[in-house]
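Here's the structure, in structure tokens; my notes come after.
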Amino acid sequence: MIATHSCDKQKSEKKGERMDIFPFGLLGGAFVLLVLIIILAKCFFTVHTKQAAVIEKFGKFERIAGPGLNFKVPFIEKVVYVEDLNMQLMDVPVMSKTQDDATVTVPVRVQYYVLPDKVKEAYYELDDPEDQIKAHVENVILSYIPKINLDDTYQQEDQIAKRIKESLSTVMAKFGYSIENALVTKIVPADAVVKAMNDINAARREKVATEARAEANKITLVRQAEAEAEAKALAGQGVARERKAIVDGLRDSVLNFEEGIQGVDPHEVMALLMMTQYFDALRDIGAQSNTILLPHSPSAVTDLYAQLRNAITAGNLAAMKSTEPPPSAKK
């Protein structure tokens, strides 16, 4: 009985000892496993495509890690920076004055990226790349724009962009940056300059329009003058033909009158015909207009007839004298 009791007591004591040790061993194992997981997590890291990681060992540059899964010594090596290798875009507006004192804003768009083999230089040797790029862009524009006129700035946009790219490429290459392109998008003058330019363009267009209108008026006037001259020429020809027809008719009338009545003076016939035309004219005037004709007395008609006859006689005498040779010729 005593032996059995002592055996049971020893078994229970061993069981208690095993139960006290097992919980401690479980927690210790879990802790060790957790530490191992943390260490492994610190050992491995990933870098995305078009990126590069800068690794330091105790604060000193160690190496550059490329895209993919990478290993580092935990608690000794550290990823201090991940550099983006994609193309970067930066807008730099610069205000300047041209040679003719016009204020303009030159917007420059710079495309740049970090060279994959110069990540160390880009991280350690240049603190603020955008500020550096901006300073050099301003330097190029402020040294070039004041030497040219406003109109030349629009014509030399490509040359300005070329100068900016050459200057930036030379300076930024030693810092690990490559300048892909530098574009001058659109030169913007000040509002007062734009207004003045619009006024000048409007005046220039108005001048051209005025010259065009003047030329059109000139052509119109020339055409009108030519038409009037041609009309007057045709009217003159018509009057000449009319007068010729009248003269031919008078001549035929005189000849017919002389043939019908023998011994009649041609001057008397001409005066009679003129009187006939005079009365025809009075009739036409009275029929086609509101002209008031004063009454004619017989004596007035007789005087008019005598005046016509005397005028015809005087004209004939003058014509005869003009055809006679001078006295010196008769001798």
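Readers should treat all values here as calculations from the given coordinates under stated rules, not as data from a laboratory. No experiment lies behind these values; they were computed from the predicted model shown. Here the Cβ positions follow ideal geometry from the backbone for every residue, glycine too, while neighbour counts run over all protein chains shown.
If a/c stays under 1.5 just call it rounded; otherwise compare a/b with b/c (prolate if a/b is bigger, oblate if not). Do that for the stretch 150-201, with a ≥ b ≥ c from the square roots of the Cα gyration tensor eigenvalues. Mind dumping the intermediate values first?
Numbers: a/c = 4.53, a/b = 3.34, b/c = 1.35.
Judged from the Cα gyration tensor, the stretch 150-201 comes out prolate (a/c at least 1.5, a/b above b/c).
Checking the Cα-Cα distances for LYS60/LYS174; LYS50/LYS97; LYS97/LYS174 against a 30 Å cut-off, the pairs over it are LYS50/LYS97; LYS97/LYS174.
Its Cα centre serving as origin, the stretch 24-87 has a Cβ charge dipole (Lys and Arg +1, Asp and Glu -1) of approximately 100 debye.
Placing +1 on the Cβ of every Lys and Arg and -1 on the Cβ of every Asp and Glu, with no other charges, gives the stretch 91-249 a dipole of roughly 860 debye about its Cα centre. With each label modelled as a point 7 angstrom along the Cα→C-beta vector, the LEU183-PHE58 pair spans 5.0 nm.
Rounded, prolate or oblate: which fits the stretch 29-84 when a ≥ b ≥ c are the square roots of the eigenvalues of the alpha-carbon gyration tensor, with rounded for a/c under 1.5 and prolate only if a/b beats b/c? Mind dumping the intermediate values first?
On the way: a/c = 3.66, a/b = 1.75, b/c = 2.09.
Judged from the Cα gyration tensor, the stretch 29-84 comes out oblate (a/c at least 1.5, b/c at or above a/b).
Say R0 is 41 Å: what FRET efficiency, to the nearest 0.05, do GLU166 and ALA190 get from their beta-carbon distance?
0.90
Anisotropy class assigned to the stretch 87-189 is prolate, per the alpha carbon gyration tensor with a/c at or over the 1.5 cut-off and a/b larger than b/c. Segment ALA212..GLN159, full-extension length gain: 15.3 nm, with 0.36 nm per residue of separation and the alpha-carbon distance subtracted.
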